[in-house]
Amino acid sequence: MRSARVPLCVLALLAAGSASAEDRCLVKGKMQTQSFELKSCAAAMYDNKGVTIWFTEKPLPAATVETFQLNSYADLTGTAMYMGFCPGGNKSVADPKAAKSVEVAVEHASSPMLQQNFLFDPGKTGDLKIEKLSGDLKPGGRLVGKMKVNTKLDQGQTYSWDAEFDVTLPAKAAAAGPGCD
C-alpha cells in the first residue's frame with residue numbers, strides 16, 4: 001500500500017512543477033466606456049528580439065496559436081489585444097529601459113468603433129509605463145512584464161489598461177514580426 005502512495009506524491013509534485021511554466025496573462029482595462037478583461041495569451045518571436053503577444057478572453061485553439069507563432073499576425077476578433085515590441089531594444093535580453101516602439105491594437109466585441117491602433121515610445125511619452133520587463137529572448141525562453149497604458153485620443157476618448165504577462169517564447173522563430181534595429 002505504501003509504495004502506491006509514493007508515486008502519486010511524485011506525480012503530484014511533477015504536475016505542480018509543470019503548471020508553473022504555463023503562460024499567465026491578465027489585461028484589465030477600458031476602451032472608452034467599455035470595460036474588458038483578457039485572461040489568455042500566446043506569444044510569437046521574430047529574430048530573437050521582436051515579440052508579439054496576443055491577449056484574448058478565451059484560450060485560442062492550438063492550430064490558431066501555431067499559425068500565430070509562425071507569422072506573428074494576431075487576427076483580432078471579439079474582445080482582444082495584441083502588443084508587438086522590442087523588449088530589449090536591439091538586444092536579446094529584455095530590459096524595461098531599452099524597450100522601444102510598442103505597437104498595440106485593441107478591439108471590443110461590443111462595437112467595431114472602439115477598435116484602435118497605437119504606437120507608443122516608452123522613452124518619449126508618458127502614455128505607456130513599463131513597470132517590469134525581464135527575460136531571455138531566445139527560443140523557449142520566458143518573457144515577464146507589467147505595463148500600464150492611459151491615453152486619450154484627439155476627440156477625448158480614453159483608453160486605459162493594465163497588462164501583466166509571463167509567457168514562454170516559442171521554440172521556433174516567426175517568419176515576420178516587429179523589427180528591432
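The values are calculated or read from the model by the stated rules, or taken from the named source; none is laboratory data. Just so it is clear, the structure is predicted and the values come from calculations on it, not from any experiment. Heads up, the Cβs are rebuilt from the backbone with ideal geometry, glycines too, and the neighbour counts pull from every protein chain shown.
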Meets criteria (among the charged types (D, E, K, R) and modelled with pLDDT of 90 or more) for LYS91: no
Selection count, region 30-50, where residues are surrounded by 15 or more Cβ atoms within 10 Å (Cβ to Cβ), at negative phi and touching a residue at least 24 places away in the same chain (Cβ under 8 Å): 12
Candidate set from region 50-72 (those that are polar (S, T, N, Q) and in a strand (DSSP E or B)); member that is farthest from the chain's Cα centre (by Cα): THR56
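Could you tell me which of the residues SER110, SER160 is touching a residue at least 60 places away in the same chain (Cβ under 8 Å), in contact with a Lys or Arg (Cβ under 6 Å, 6 or more places away or on another chain) and small (Gly, Ala, Ser)? Before you say what the answer is, go through the steps one by one.
Working: SER110 fails: in contact with a Lys or Arg (Cβ under 6 Å, 6 or more places away or on another chain).
SER160 is the lone residue from the list that is touching a residue at least 60 places away in the same chain (Cβ under 8 Å), in contact with a Lys or Arg (Cβ under 6 Å, 6 or more places away or on another chain) and small (Gly, Ala, Ser).
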Criterion (at pLDDT 90 or above and out of contact with any strand residue (DSSP E or B) (no Cβ under 7 Å at 6 or more places or on another chain)) met by exactly one of TYR46, TYR82: TYR46
Exclusive hit being in contact with a Cys (Cβ under 6 Å, 6 or more places away or on another chain) and more than 18 Å from GLU164 (Cα to Cα), set ASN71, ASN90: ASN90
